[in-house]
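Nothing in this text is a laboratory measurement; each read-out follows from the coordinates by a stated rule. Owing to the predicted nature of the structure, the values given are computational and were not obtained by experimental measurement. Backbone-built Cβ (ideal geometry, glycine too); neighbour counts: all protein chains shown.
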Amino acid sequence: MKRITLLDATFRNICLLCAGVCGVLTLALVVQLAGASSEAWRTLGWNFLISTEWDPVANVYGALPAIVGTLLTTGLALVIALPLAFVCALQIVEAPPALSRMLSHGIDLLAAIPSVIYGMWGLFVLCPLLQEAFWLLEIDTNGFGVLAAALILSLMILPYICAVMRDVLKMTPVLLKEAAMGAGCTTWECARDILMRHGAKELLGGAFIGLGRALGETMAVLFVVGNVIAIPEHLLEGCTTIAATLANNFAEADGLQRSVLFALGLVLLLMTFGIQVLAQGFLRKTAQKKGA
């Protein structure tokens with residue numbers, strides 16, 4: 001018994017140490033970004049967050065276009081990916097075992113594709129397709145912009161969300177589904193009223209995983225977003241995101257511009273933290289409503 005107690009205490013201390021290291025690293029990252037961006041905050045002030053100007057020659061910078069572009073592309077990607085992920089997960093769960101395994105492997109392989117490959121596919125395939133499609137509708141566009149970036153992001157986050165939803169749907173008790181089917185429910189009614197309600201918290205957790213994945217994506221978005229530092233007026237206009245702005249400008253940045261890019265990195269980090277905090281609060285409220 002003493003040996004088991006000692007092993008348990010050792011394991012607990014190792015887990016606490018690892019958790020503490022993660023916390024320290026996160027805090028160190030925030031401190032580093034805050035220190036490196038201090039010149040930008042002193043020079044530009046809080047007006048930096050709401051300004052739309054970006055002129056490196058005049059040393060005038062504004063973060064609002066990048067923030068709006070990040071939120072717009074991420075939100076639209078989530079709207080596109082969520083229903084597709086749920087339908088794919090439902091099909092995998094309800095399909096015969098052989099087909100289910102094949103579909104599961106296909107979805108998992110999508111998650112293994114590097115983001116730069118998605119970006120190249122978007123550049124050489126998706127954007128020309130969008131250009132031709134809208135040209136047939138007599139809409140003048142080059143295919144690059146918010147819509148193209150959102151479509152690429154939705155393809156990238158779909159396998160992550162689908163994998164979580166697939167596991168959640170598989171964990172639903174068979175008796176619940178059989179009872180619903182026995183009461184005369186269709187497959188869609190069973191999915192909507194039984195599966196979604198039973199695993200609501202976990203399904204939302206999968207959605208937030210995809211959201212966190214999309215927020216910081218760089219290379220795929222960089223290829224197709226248009227890289228225009230301006231607030232887009234519609235979905236076919238080019239824009240930029242925080243990650244794309246960092247990738248485009250960091251190599252040659254110096255002085256105030258370099259500090260501004262660190263400030264953008266800090267904003268992206270705080271945005272991610274804020275969304276995760278809101279997500280955890282929302283999930284707790286959802287669990288409380290279910291009586292958990």
Exercise. Evaluated at 10 °C with a viscosity of 1.306 mPa s, what Stokes-Einstein diffusion coefficient in µm²/s does the chain have when Rh comes from the Kirkwood expression over alpha-carbon pairs?
Worked result: 73
Seminar exercise, completed: If Ser104, Ser259 are placed from fewest to most neighbouring beta carbons inside 10 Å, the sequence is Ser104, Ser259
Problem set entry | Net charge over other residues, Cβ less than 14 angstrom from the Cβ of Pro65 (K, R count +1; D, E count -1) | -4
Problem set entry | 3J(HN,Hα) from dihedral phi, the stretch 252-267, Karplus parametrisation 6.51/-1.76/1.60, rounded to Hz, x for glycine, proline | 9, 6, 7, x, 5, 4, 5, 5, 5, 5, 5, 5, 5, x, 5, 4
Seminar exercise, completed: Charge tally for neighbours of Ser104 with beta carbon under 14 Å away, counting Lys, Arg as +1 and Asp, Glu as -1, is 0
Exercise. Across the chain, how many lysine pairs, 8 or more apart or on two chains, come within less than 27 Å at their alpha-carbon atoms?
Worked result: 11
Exercise. Does the stretch 1-148 classify as rounded, prolate or oblate by the C-alpha gyration tensor (a ≥ b ≥ c root eigenvalues; a/c under 1.5 gives rounded; else a/b over b/c gives prolate, otherwise oblate)?
Worked result: oblate
Exercise. Summing +1 for each Lys or Arg and -1 for each Asp or Glu, what net charge is found among the other residues whose Cβ lies under 13 Å from the Cβ of Val168?
Worked result: +2
For this session: May I ask you to sort Thr5, Thr73 by Cβ crowding, counting other Cβ atoms within 10 Å and putting the fewest first?
Result: Thr5, Thr73
Exercise. Which of Val260, Val146, Val93 comes first, and how do the rest follow, when ranked by fewest Cβ neighbours within 10 Å?
Worked result: Val93, Val146, Val260
For this session: May I ask you to derive the FRET efficiency for Ala95 and Val125 from their Cβ-Cβ distance with R0 = 45 Å, giving the value to the nearest 0.05?
Result: 0.95
For this session: Between Glu53 and Gln276, take the C-beta separation as r, use R0 = 30 Å, and let me know the FRET efficiency to the nearest 0.05.
Result: 0.45
Problem set entry | Value at 222 nm in deg cm²/dmol, rounded to 500, when DSSP H runs of n ≥ 4 in the chain each add -39,500 (n - 2.57) | -23500 deg cm²/dmol
For this session: Give me the Debye-computed log₁₀ of I(q)/I(0) at q = 0.17, 0.24 Å⁻¹ for the stretch 97-174, equal point scatterers on Cα only, no solvent, two decimals.
Result: -0.76, -1.06
Exercise. Taking a ≥ b ≥ c as the square roots of the eigenvalues of the Cα gyration tensor of the stretch 229-292, is the shape rounded (a/c under 1.5), prolate (a/b larger than b/c) or oblate?
Worked result: oblate
Exercise. Using alpha-carbon pairs under 8 Å, 6+ residues apart, how would you state the relative contact order of the chain in percent?
Worked result: 27
For this session: Report ³J(HN,Hα) in whole Hz for each residue of the stretch 165-176, in order, from the Karplus equation J = 6.51 cos²θ - 1.76 cosθ + 1.60 where θ = phi - 60°; Gly and Pro get x.
Result: 5, 4, 5, 5, 5, 5, 7, 5, x, 4, 4, 5
Seminar exercise, completed: Sorted by chain and then number, the residues having a modelled amide H within less than 5 Å of the amide H of Tyr61, at least 5 places away or on another chain, are Asp55
